[in-house]
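Okay, structure first, notes after.
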Amino acid sequence: MAGDTTPDTGDGTVVGFDTAVIGIWLASITDIVGDLRWERLPGGHSNLTYLLTDEAGRELVIRRPPQGQLLPKAHDMWREYRVIDGLWPTAVPVAEPIAYMDDRDLCDVHFYVMGKVDGRALYTGAEVAAWLPEAARQRAGIAFIDTLAALHSVDPAEVGLSELGRPDAYVARQLRTWYGSWTASVEAADYDDERTHRLHDLLVERCPEQGPARVVHGDFGPHNCMFDADGTVCAVLDWEIATLGDPLADLAYSVNAWVEPTDTVPAASDPPTVLAGFPSRDELMARYAERTGADLSQIAYYRCFNAFKTACILHGVYARYQAGQKSAEGVDLDVLFQRVGLSLDTAAEMAEQFS
């Protein structure tokens, strides 16, 4: 994330929090016992996330934005907390919300505390092989799509989330935003692709009328779900870009990211869902339709839209690296560039199904 200047010390040093101050505050609102042990957790879009363990073994997670200058609306802890707080009583598995705080006597930025959830997120095939036996992968896939169906079955107004975002014209607004990103990034990236412009025009022309708005996660994938070793989804994580929108766009994003063994992927990638035992994309979509009653007759449009959006996002990231606005240390720019083209390939393939 742009603006993240938080060092990863690697020596157990806690950055971003005064551990004594936080310990006293937590003791005043929870039943923690004794001193807390702090352990930095990886991932989480560069937000500072720590596992807190008290002397009785109780585990909590505390999360704040990274240090340094932040982009407007980035690292929105209040958005994350209000979503898990709203969804906690529903069938959508989330971590237990403990407290949200925006008090400069406690921390220089806002933060929140939630319960610790066991299980593992699945980023790579290696992690799947180490955690999920083949017999559990079918269950994991079904639990994954059932969780998304449960999210899209929640009426935002009934859980206090009706003001989470603008409810209408979700796809149309996203098209404007991400096409604008592409065109603004062409010079720095030194790369344009005529397909992007044709796809944009087609997507604008054929944009479906949106149904009732639902909470959309925006990045719903196995990397943002915690799985038990038996394939159960214990919790969905990273709600900072959740908003109100078109649930079919959310579904299509997840389906596109559900890589199958026959898909073309960069040689350096290791997608988690290519291993034996996982259900196919078609099985996931059929299950979603069964659970929600959704009409998926226009799913090719939504898959095209999401592949187009992904290409624009990656193109913008690539442009920032090329312009020297982000450090490229440890980043394979060739793979990143290849992913832009592969996303456009997927968008073009889906466009043929509805144009």
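Return a whole-number percent for the relative contact order of the chain, with Cα pairs under 8 Å and 6 or more residues apart as the contact set. Don't skip to the answer; put the middle values down first.
Values: 592 pairs, mean separation 63.6, N = 355.
Normalised by residue count, the contact order of the chain is 18 percent.
Relative to its Kirkwood radius, the Cα radius of gyration of the chain gives an Rg/Rh of 0.96.
For the chain, adding -39500 (n - 2.57) for each run of n ≥ 4 DSSP H residues and dividing by the number of residues yields -13500 deg cm²/dmol at 222 nm. Basic side chains Lys and Arg get +1 at the Cβ, acidic Asp and Glu get -1 at the Cβ, and with that the dipole of the chain about its Cα centre reaches some 400 debye.
Find, to one decimal place in angstroms, the Kirkwood hydrodynamic radius of segment 19-115, where the mean of 1/r is taken over every pair of different Cα atoms and then inverted. Walk me through the numbers on the way to the answer.
Working: mean 1/r = 0.0709 Å⁻¹.
After inverting the mean inverse Cα-Cα distance, the result is 14.1 Å.
Going from the fewest other Cβ atoms within 10 Å to the most, the residues T273, T177 appear in the order T177, T273.
In this label model, A99 and H197 are separated by 5.6 nm, measuring between points 7 Å along each Cα→Cβ vector.
Close amide H pairs (under 5 Å, H built 1.01 Å from N) link C234 with M226, F227, D228, residues at least 5 positions away or on another chain.
Ordered by the count of other Cβ atoms within 10 Å of each Cβ, fewest first, W38, W258 give W38, W258. Sorted ascending by nearby beta carbons within 10 Å, beginning with the fewest, F144, F17 become F17, F144. Remark: relative contact order (segment 230-338) = 29 percent; criterion is Cα-Cα distance under 8 angstrom and separation of 6 or more residues.
Bear in mind these aren't lab numbers, they're just calculated from the coordinates by the rules spelled out. Every value quoted in this text rests on a predicted model; they were computed, and no experiment measured them. Please note: Cβ atoms are built from the backbone with ideal geometry, for glycine as well, and neighbour counts cover all protein chains shown.
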